[in-house]
Amino acid sequence: MHSITASNLRNAHGGESMAHMRYMVWAEAAEQQGFANIARLFRAVSFAETIHGTNHFRELKQPVADALCASVAVFGGDSTSMNLQGAIMGETYEITEMYPAFLEVAKFQGEESAHKSFYYALSGEKTHAALFQRAKEAVDSKKDAAFGPIGVCKGCGWTHDGAMPATCPICGATKEKFQTFA
């Protein structure tokens, strides 16, 4: 694997790992602040970020070695509204800057499996940003978000609110391969 694509995979893995932990912390805070559905959303997206990070990690297929990872992360937040804003900021960065650049490098370097991993993550991040935006609008109106079951595709991390489709629109996994957060 080319060194730049490998570095991008490591950095994306680091970012997804931090997002997983951040969303678990923010889920707990949302629950304590009376937003059970927003807490459920944070837990579902945390699970999706784990899938993205795992996919990136598996693509590296390199000998075991230490590596420095440079990842952008959002920290802080005292309220669920602030935490949702942080989540939107993080997802937007991945959608508009990080993953488009990583995709182009992987494509240029002919790294098809890395390209697929980045594509899966980018597709999932778009749904996360939209769900977090809905949640923020609700909490800013002093309400919990009205989410149905939230499903996460275990293959690619695509996240969906409501009845699950027969297959994942991103990777084609059947609905039996979804983890549901109800």
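The values are calculated or read from the model by the stated rules, or taken from the named source; none is laboratory data. Everything numeric in this text was worked out from a predicted model, so none of it was measured. Virtual Cβ from ideal backbone geometry, glycine too; neighbours counted across all protein chains shown.
What the table below lists for this structure:
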| quantity | calculated |
| --- | --- |
| So SER123, is it touching a Leu at 6+ places or on another chain (Cβ under 8 Å), touching a residue at least 24 places away in the same chain (Cβ under 8 Å), buried (at least 16 other Cβ atoms within 10 Å of the Cβ) and of a type in the set (Gly, Ala, Ser) | no |
| Flag for LEU41 being more than 20 Å from TYR119 (Cα to Cα) and part of a helix (DSSP H, G or I) | yes |
| Residue in the stretch 54-64 that is part of a helix (DSSP H, G or I) and closer than 19 Å to GLY86 by Cβ present | no |
| Verdict on ASP78 being at pLDDT below 95, of a type in the set (Asp, Glu) and not in a helix (DSSP H, G or I) | yes |
| Residues satisfying the stated conditions in the stretch 40-68, i.e. under 19 Å from GLN133 (Cβ atoms) and surrounded by fewer than 24 Cβ atoms within 10 Å (Cβ to Cβ) | ARG40, ARG43, SER46 |
| In the stretch 1-35, the residues that are closer than 14 Å to SER79 by Cα, surrounded by fewer than 19 Cβ atoms within 10 Å (Cβ to Cβ) and touching a residue at least 60 places away in the same chain (Cβ under 8 Å) | GLY34 |
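One line per residue, one yes/no per condition, for (1) surrounded by 17 or more Cβ atoms within 10 Å (Cβ to Cβ); (2) at pLDDT below 95; (3) assigned to a helix (DSSP H, G or I):
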| residue | (1), (2), (3) |
| --- | --- |
| VAL72 | no, yes, no |
| GLU91 | yes, no, yes |
| PRO100 | no, no, yes |
| LEU103 | yes, no, yes |
